[in-house]
Amino acid sequence: MVEHVQAGTLIVGEGVVIKGSFAVPDMALVAGLVEGELTTREVQIQASGVINGKVRAQFVDVHGEVTQGLSVSTHLIIRSTGRVSGTIEYKEITVEKGAKITGDLKVMAGSQY
């Protein structure tokens with residue numbers, strides 16, 4: 001059981017499905033399924049996590065899957081188990097060996113967030 005969750009945090013546990021458009025002030029941790037758009041400061045997508053929708057954030061760490069693109073104003077990390085498709089906008093990117101990327105890569109000129 002979670003003893004303390006920081007204010008402004010969204011946690012989507014494994015096996016949980018949420019649908020909609022989400023504006024999260026601080027951080028989102030996704031181990032389940034998010035159907036829709038997610039805007040937040042930081043996103044951590046666990047290996048079991050899937051986001052079927054556009055993600056906008058400053059920092060994104062992908063171990064799981066994002067299917068409709070990313071817009072990352074600071075740093076995007078796609079881990080070896082990560083899968084990303086769609087338009088991927090970023091300022092800085094790190095891609096581990098084994099990561100899967102399908103779509104368009106675009107470098108941001110400046111910060112949007």
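Just so you know, all these numbers are worked out from the coordinates, no wet-lab data involved. None of the values given here were measured: they were computed from a predicted structure. Note that we place each Cβ from the backbone using ideal geometry, even for glycine, and neighbour counts take in every protein chain shown.
Worth a mention:
- Test: residue in the stretch 42-57 that is surrounded by fewer than 18 Cβ atoms within 10 Å (Cβ to Cβ) and assigned to a loop (DSSP other than H, G, I, E, B): yes
- Only one of the numbered conditions (1) surrounded by 16 or more Cβ atoms within 10 Å (Cβ to Cβ); (2) in contact with an Asp or Glu (Cβ under 9 Å, 6 or more places away or on another chain) is violated by Val34, and that is (2).
For (1) under 24 Å from Gly36 (Cβ atoms); (2) buried (at least 17 other Cβ atoms within 10 Å of the Cβ); (3) in contact with a His (Cβ under 8 Å, 6 or more places away or on another chain); (4) of a type in the set (Asp, Glu), each residue gets a yes or a no:
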position: Val62; (1), (2), (3), (4): yes, yes, no, no
position: Val66; (1), (2), (3), (4): yes, yes, no, no
position: Ser80; (1), (2), (3), (4): no, no, no, no
position: Val84; (1), (2), (3), (4): yes, yes, no, no
position: Thr87; (1), (2), (3), (4): yes, no, no, no
position: Val95; (1), (2), (3), (4): no, yes, no, no
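- Candidate set from the stretch 19-41 (those that are touching a Ser or Thr at 6+ places or on another chain (Cβ under 6 Å) and assigned to a loop (DSSP other than H, G, I, E, B)); member that is farthest from Arg56 (Cα to Cα): Ala31
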